[in-house]
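K.L.:
My questions will all concern the structure given below.
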């Protein structure tokens, strides 16, 4: 079973702050939608709430939550990453994609085989509650740059897409 993590972050691993995601990168959004299309997703309750209306047919959100009695409109609640992996595997899924937030990425990272990371070439000063991607041991991962996007119309910040696989 492949567990992949997909995220966009700045040079300090910032994912979001009180304003939400602090950049608008249409090519990255298109890539995110394409990569997650028709896949089962692992995410936290806050991320689930923020993404209401985004889920498409074929998505099955597995919401990592300790909140008893809460039932999402779409998807299921799971209490751990191993439970999410087992649930997706039992349903015949070949990949489970973790889409955040920060605490869920931290919980999923030890189980991950792959990371698909957009590295925004900027250091954003966060406002309010910052959310960060967890640090990882680079020696455990093979990092390949897939493509780079310069700053241009529609993309105020340059960024690169990296695919990392666990060694």
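The values are calculated or read from the model by the stated rules, or taken from the named source; none is laboratory data. None of these values were measured; they are calculated from a predicted model. Cβ: placed from backbone, ideal geometry, glycine included. Neighbour counts: every protein chain shown.
K.L.:
Applying the selection to segment 94-110, what residues are surrounded by fewer than 18 Cβ atoms within 10 Å (Cβ to Cβ) and under 13 Å from residue 1 (Cβ atoms)?
P.N.:
94, 95
K.L.:
Could you tell me whether segment 18-37 includes any residue that is part of a loop (DSSP other than H, G, I, E, B) and more than 22 Å from residue 122 (Cβ to Cβ)?
P.N.:
The answer is yes; a qualifying residue exists.
K.L.:
For segment 44-54, check the following and say yes or no: at least one residue is surrounded by 14 or more Cβ atoms within 10 Å (Cβ to Cβ) and touching a helix residue (DSSP H, G or I) at 6+ places or on another chain (Cβ under 8 Å).
P.N.:
Yes, segment 44-54 has at least one match.
K.L.:
Say whether the condition of being touching a helix residue (DSSP H, G or I) at 6+ places or on another chain (Cβ under 9 Å), at pLDDT below 95 and part of a loop (DSSP other than H, G, I, E, B) is met by at least one residue in segment 129-147.
P.N.:
Within segment 129-147, not a single residue is touching a helix residue (DSSP H, G or I) at 6+ places or on another chain (Cβ under 9 Å), at pLDDT below 95 and part of a loop (DSSP other than H, G, I, E, B).
K.L.:
For the subset of segment 1-17 comprising residues that are outside any loop (DSSP other than H, G, I, E, B) and touching a helix residue (DSSP H, G or I) at 6+ places or on another chain (Cβ under 7 Å), which member is nearest to residue 105 (Cα to Cα)?
P.N.:
Our first condition is that a residue be outside any loop (DSSP other than H, G, I, E, B); within segment 1-17, this holds for 2-9, 14-17.
Applying the additional criterion that residues be touching a helix residue (DSSP H, G or I) at 6+ places or on another chain (Cβ under 7 Å) yields 3, 5-8, 15.
Values: 3: 11, 5: 7, 6: 9, 7: 9, 8: 12, 15: 11 Å.
Here the residue is 5.
K.L.:
Quick check on this structure: which one of 41, 25 is touching a residue at least 40 places away in the same chain (Cβ under 8 Å) and under 14 Å from the mean Cα position of the chain (by Cα)?
P.N.:
41
K.L.:
Separate question: Which of the residues that make up segment 111-138 are touching a residue at least 12 places away in the same chain (Cβ under 8 Å) and out of contact with any strand residue (DSSP E or B) (no Cβ under 9 Å at 6 or more places or on another chain)?
P.N.:
134, 135, listed by residue number.
K.L.:
Out of segment 151-167, which residues are surrounded by 10 or more Cβ atoms within 10 Å (Cβ to Cβ) and not in a strand (DSSP E or B)?
P.N.:
Those that are surrounded by 10 or more Cβ atoms within 10 Å (Cβ to Cβ) and not in a strand (DSSP E or B): 151, 154, 156, 157, 158.
K.L.:
Under the condition of being touching a strand residue (DSSP E or B) at 6+ places or on another chain (Cβ under 7 Å) and exposed (fewer than 14 other Cβ atoms within 10 Å of the Cβ), which residue from segment 55-73 is nearest to residue 36 (Cα to Cα)?
P.N.:
71
K.L.:
For residue 126, are the conditions met, namely being touching a helix residue (DSSP H, G or I) at 6+ places or on another chain (Cβ under 7 Å), surrounded by 10 or more Cβ atoms within 10 Å (Cβ to Cβ) and assigned to a loop (DSSP other than H, G, I, E, B)? Show your work before the answer.
P.N.:
Working: touching a helix residue (DSSP H, G or I) at 6+ places or on another chain (Cβ under 7 Å): no; surrounded by 10 or more Cβ atoms within 10 Å (Cβ to Cβ): yes; assigned to a loop (DSSP other than H, G, I, E, B): yes.
In short, no.
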